[in-house]
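Taken together, the values in this text are just the output of simple stated rules run on the coordinates, not laboratory data. Please read these numbers as outputs of a predicted model, since none were measured by experiment. Here the Cβ positions follow ideal geometry from the backbone for every residue, glycine too, while neighbour counts run over all protein chains shown.
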Amino acid sequence: MVALLAVVVGVPLALFVGTGLPGEPEPTASPDGATDGQAAEPEGDDGGPDDGEPNRGGPDRGGPDRGGPEDDGPGAPPVDPDAELEPLDLDVLDGRDLVYGRLLTDIDASERAMIAFQDGLADTFNDPDSPEAALEGASEVAADGQAALLEVRERLVDPVDDPGAERVRALYVDHLDSWEVFMAAVAEDPLMVFQQSEAGFTVTINATADAFARALEAELPDDVDAEVARFADGILDRGFRGLGYADV
């Protein structure tokens, strides 16, 4: 899943830095309306992400058409955590179909943990009782998300007996690890939510997302079971297609 920063894009950083946090001075206004340490926003600026944030729309540069809508801008809603993918019936699969079915089932579990993390951040930051409560809540959400990812990772760590599926598995584990590192950083310091681009988390997450999605599209056999193909498309549509590309 690419990094969807829209979950907190409407929340000004100044709400959590320099306002009500222990040991932080109260901001003072300058004649142009800016507070100390914060530049005044240009007139008409909607507070959306700058060029450092991941692109949220359109196909990849120079790659295959990955589908999805055009850029929806910073007001686009986050991924719906209730977006349903009918699970695969692994009992009716065998051979290579079963290899991909098991792999994609575990990948879906990981993706759902990422969606829950982002949705939890949205709930925490968009309607905070206080800056302190929001930061504490974000830390808890991140710790829970990290634990969920590490649990799924245990099921994805072993190589699989198919070269194409193994490539997909290995690249997805890289992607899972990029999210786990980010969640660990947010659990330790919730303000990292607002600094993820500067710290490089967004670039790594989106780069590994791009590599995984390309591999799945390339390696999934043309003659794979129709239900497995449907499930793979659902994963890509929900978290990878039309949402952005690796900012590298």
Practice problem: Report the residues of the stretch 183-206 in range of a label on Ser139: point 7 Å along Cα→C-beta, backbone N strictly under 16 Å from it. | Solution: 183-194
Exercise. Let me know the shape class of the stretch 78-189, please: from the alpha-carbon gyration tensor, a ≥ b ≥ c as square roots of the eigenvalues, rounded when a/c is under 1.5, otherwise prolate if a/b is greater than b/c, or oblate.
Key: prolate
Quiz item: Please state the relative contact order of the stretch 122-182 as a whole percent: Cα pairs under 8 Å, 6+ residues apart?
Solution: 27 percent
Exercise. Could you tell me whether the stretch 119-240 comes out rounded, prolate or oblate from its Cα gyration tensor? Rule is a ≥ b ≥ c as square roots of the eigenvalues, rounded for a/c under 1.5, then prolate if a/b exceeds b/c, otherwise oblate.
Key: prolate
Quiz item: Net charge near Ala215, counting Lys/Arg +1 and Asp/Glu -1 over other residues with Cβ under 12 Å of its Cβ?
Solution: -2
